[in-house]
Amino acid sequence: MQGKVTFRDLLTIHSDRPNLIHKQVSALVRQIPILYSILSLNIVALAISYFGTAPLWLTVVCPGLAVTFAAVRSYSWIRFSIETDDHALNVKRLKSLTLLSCLLSLLLSSWALALYTYGNPFQQFHSAFFLTATMICCVMAVVQFPQASLMCLGIVTAVFFGRFVVSGNE
């Protein structure tokens, strides 16, 4: 029987456990393209709801770049599924997933909150809904890899909470 699992253990990539790494990557190969599809649909839906209200760079350029990025990353994960037996490559892939989940969480949260300032109450609700629904989908899609799940959850919650604490009761 192993000892207690600490929070630090959840945030560590256990490169000394190749079987765990292989199983995590095998599960993620199936989940990541779905994650990027859901993310793209949510981004487009939010952008459409703000079209004509917010600047074009927020409703067309940013979503276009995000959806293009998601398509490229989906393709790379689909292509990657062929070569999941290389342990060093799997560890590298998980490290990049952790970094990208942090970066995407921060960027998409910032984008949704930038749109928030341009909207009426219904659009603002849509921004808040986008943040929560997208975060839940992302966390559930990468639940096999707790490092990315916890980072996504922490960053989006902090940005979301920070924005609404600072804004008061608007």
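The values are calculated or read from the model by the stated rules, or taken from the named source; none is laboratory data. The structure displayed is predicted, hence computed values, not measured ones. Cβ sites come from the backbone with ideal geometry, for glycine too, and all protein chains shown count toward neighbours. For the accessible areas, the whole protein counts, side chains as well, though only heavy atoms, and no ligand, DNA or RNA atoms are used. Shrake-Rupley method; radii C 1.70, N 1.55, O 1.52, S 1.80 Å.
Beta carbons closer than 6 Å, at least 6 apart along the sequence or on distinct chains, pair a first residue in segment 95-111 that is over 18 Å from Gln124 (Cα atoms) and among the small types (Gly, Ala, Ser) with a second that is assigned to a helix (DSSP H, G or I) and open to solvent by 30 Å² or more (accessible area, probe 1.4 Å) for Ser101/Met151; Ser105/Ile155. Condition check for Val60 on (1) touching a helix residue (DSSP H, G or I) at 6+ places or on another chain (Cβ under 8 Å); (2) touching a residue at least 40 places away in the same chain (Cβ under 8 Å); (3) open to solvent by 60 Å² or more (accessible area, probe 1.4 Å): one failure, at (2). Working only within segment 114-143, note down all residues that are of a type in the set (Ser, Thr, Tyr), within 18 Å of the chain's Cα centre (by Cα) and open to solvent by less than 20 Å² (accessible area, probe 1.4 Å). Listed by number, the residues that qualify are Ser127, Thr134.
Do the conditions hold for Ser40, that is, is it touching a helix residue (DSSP H, G or I) at 6+ places or on another chain (Cβ under 9 Å), free of Cβ contacts under 8 Å to residues at least 60 places away in the same chain and under 22 Å from Ala112 (Cα atoms)? Break it down stepwise before answering.
Values: touching a helix residue (DSSP H, G or I) at 6+ places or on another chain (Cβ under 9 Å): yes; free of Cβ contacts under 8 Å to residues at least 60 places away in the same chain: yes; under 22 Å from Ala112 (Cα atoms): yes.
In short, yes.
Exactly one residue out of Phe125, Phe164, Phe130 is out of contact with any helix residue (DSSP H, G or I) (no Cβ under 9 Å at 6 or more places or on another chain), part of a helix (DSSP H, G or I), among the aromatic types (Phe, Trp, Tyr) and under 27 Å from Pro55 (Cβ atoms), and it is Phe125. Yes or no: segment 42-52 includes at least one residue that is surrounded by fewer than 13 Cβ atoms within 10 Å (Cβ to Cβ), part of a helix (DSSP H, G or I) and modelled with pLDDT of 95 or more. Within segment 42-52, one or more residues are surrounded by fewer than 13 Cβ atoms within 10 Å (Cβ to Cβ), part of a helix (DSSP H, G or I) and modelled with pLDDT of 95 or more. Of all residues in segment 69-113, those that are open to solvent by less than 30 Å² (accessible area, probe 1.4 Å) and outside any loop (DSSP other than H, G, I, E, B) total 17.
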